[in-house]
1. Looking at (1) in a helix (DSSP H, G or I); (2) at pLDDT 75 or above; (3) surrounded by 14 or more Cβ atoms within 10 Å (Cβ to Cβ), which one does A290 not meet, given that it meets all the others?
2. What number of residues within segment 300-315 are open to solvent by 40 Å² or more (accessible area, probe 1.4 Å) and not charged (D, E, K, R)?
3. If F353 passes every condition in (1) among the hydrophobic types (A, V, I, L, M, F, W, C); (2) touching a helix residue (DSSP H, G or I) at 6+ places or on another chain (Cβ under 6 Å); (3) assigned to a loop (DSSP other than H, G, I, E, B) but one, which one does it miss?
4. From (1) part of a loop (DSSP other than H, G, I, E, B); (2) modelled with pLDDT of 85 or more, pick out the condition that doesn't hold for D94.
5. For R373, are the conditions met, namely being surrounded by 15 or more Cβ atoms within 10 Å (Cβ to Cβ) and without any contact (Cβ under 8 Å) to a residue 24 or more places away in the chain?
6. Would you confirm, using the coordinates I've provided, whether V182 is surrounded by 11 or more Cβ atoms within 10 Å (Cβ to Cβ) and either at pLDDT 85 or above or part of a helix (DSSP H, G or I) (or both)?
7. Does any residue of segment 456-465 turn out to be surrounded by 15 or more Cβ atoms within 10 Å (Cβ to Cβ), modelled with pLDDT under 90 and not in a helix (DSSP H, G or I)?
Amino acid sequence: MALKQSTQANGSTSDVSGIIVYDKIEGIIKKMQNEKTGVPIRNVKSFLCKIPSVVTGTDIVQWLMNQLKIDEPVEALHLGTLLAAHGYFFPISDHVLILTEDSTFYRFQTPYFWLSNCWEPQNIDYAVYLCKRAMQNKARLELADYEADSLARLQRLFARKWEFIFMQAEAQAKVDKKRDKVERKILDSQERAFWDVHRPVPGCVNVTEIDIKKSCRWRNPRRTKTSVYNLRGDGRCFAPLQIASPRRKPPSLEQLRERISFMQNQLDRHCLKISKVAESLTSYCEQYSAYDPIVTVPELSNPWISNDAAHWDTENSNEIGTARVHRWGFSLEEMLKDLLGQDLFLSFLQSEFSSENLRFWLAVQDLRRRPWRAVSDRAEEIWCEFLTPGAPSPINLDSQTYDRAVKAMDRPTRHTFEEAQEQIYKLMKSDSYARFLRSSLYQDLLHPRKKGKLQLTAKRLTGLVQST
């Protein structure tokens, strides 16, 4: 977890541990941006457009290895991923802040948005940003699914202030239009990366959170060793608070007051973070409450308090209901849990000539359930179909993941392809799944114009499931 800095100006207490951490990180970033010895920053011409001020993931890894005397590429990649997770550089085409050693383009974050500036963005600021993004209505600035859900939730939360929020977003959008096209493109990506750090994609680590276990140990000085938490705002160490004895001088009144003030400040910050967790939990419960037969009265009888199994029969059948289709839009995981949704997604991938991704993911899932004596043969089948040179259904993996899969095939186990499966899952989630939700195939099921059309589509998909 990242240690956060807070300033001592205006009577607030400063966390010097955050200063130390960020000074080291930002020192590396400044060297990386050096015109002579840093990572080469260049403008790249792509199809029908120009991409300004970018570096590649390979260049970053090589620079870290050369400048920091790192021998192993894996160690350099891990360090680069930590820097990316804190938002100091970011991929220009993805919301997931990780570093990959390939030709993926990255852009450095402006110092204005660095974490050392003690940003504490509020939900109103996030609502203004999302509202502005929605106004611009461009393909490259289209809201992701979790952002659209956040915008809808914030609109309900700030219903009385929404007109003011909309006016603010509209004013910022007008200012952005007056900027140069290249400058506007860079600023848009930097602002997006800032919110990817402070409002990360669901499932990603939030580096702005504080480790609650460490903070709990810190409140009990007898159980805590001397660490960076034992620092005062001016950079000097607190005198350790220990039980007074004839040989030890008790802490002074000034030291006690400084300790109490610092602990109160830390306690307030932790309460703020817990409120974010509570907000996330509330949002999750609201999303799934309609599918819980205990919380919401179902159309059929409640299977938990009656002997009627019609509710479960409907869930396991091939009949398509609007609620069932709507649940597929919650996440890729939710859709793959449903066999009918799984087959529908496979048919969509076949139309895009990328069905090998889902078939590989399903094959690895099947490998985990195989008995031990059949694991080796099944792993060899997966290797020959998807990963071997000249495979009939090749999948796209980065070089490091592929090399580790090659080594793991010496002694295959149920977990041989886990890393490759995770990478393919992220690829489907960020690319194919987003297009599937926007496709007419899904939208016709979600918003049928006529009742007969929904029934006809259900029959067609039932035939698809039986044939597969």
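1. (3)
2. Within segment 300-315, the subset open to solvent by 40 Å² or more (accessible area, probe 1.4 Å) is 300-301, 304-309, 312-315.
Adding the requirement that they be not charged (D, E, K, R) leaves 300-301, 304-307, 309, 312, 314.
Residues flagged as open to solvent by 40 Å² or more (accessible area, probe 1.4 Å) and not charged (D, E, K, R) within segment 300-315 amount to 9.
3. Unmet for F353, out of (1) among the hydrophobic types (A, V, I, L, M, F, W, C); (2) touching a helix residue (DSSP H, G or I) at 6+ places or on another chain (Cβ under 6 Å); (3) assigned to a loop (DSSP other than H, G, I, E, B): (2).
4. (2)
5. Working: surrounded by 15 or more Cβ atoms within 10 Å (Cβ to Cβ): no; without any contact (Cβ under 8 Å) to a residue 24 or more places away in the chain: yes.
Taking the combined requirement at face value, the residue does not satisfy it.
6. On the way: surrounded by 11 or more Cβ atoms within 10 Å (Cβ to Cβ): yes; either at pLDDT 85 or above or part of a helix (DSSP H, G or I) (or both): yes.
It is true that V182 is surrounded by 11 or more Cβ atoms within 10 Å (Cβ to Cβ) and either at pLDDT 85 or above or part of a helix (DSSP H, G or I) (or both).
7. no
Residue by residue, here is whether (1) farther than 20 Å from V205 by Cα; (2) in a helix (DSSP H, G or I); (3) touching a residue at least 24 places away in the same chain (Cβ under 8 Å); (4) open to solvent by less than 50 Å² (accessible area, probe 1.4 Å) holds:
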| residue | (1), (2), (3), (4) |
| --- | --- |
| F90 | no, no, yes, yes |
| I98 | no, no, no, no |
| P121 | no, no, yes, yes |
| L130 | yes, yes, yes, yes |
| L143 | yes, no, no, yes |
| Y146 | no, yes, yes, yes |
| A152 | yes, yes, no, yes |
| E163 | yes, yes, no, no |
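The values are calculated or read from the model by the stated rules, or taken from the named source; none is laboratory data. All of these numbers come straight from a predicted model, not from anything done at the bench. FYI the Cβ positions are ideal-geometry reconstructions off the backbone, even for glycines, and counts take in every protein chain you see. Note: areas computed on protein heavy atoms with side chains; ligands, DNA, RNA excluded. Shrake-Rupley method; radii C 1.70, N 1.55, O 1.52, S 1.80 Å.
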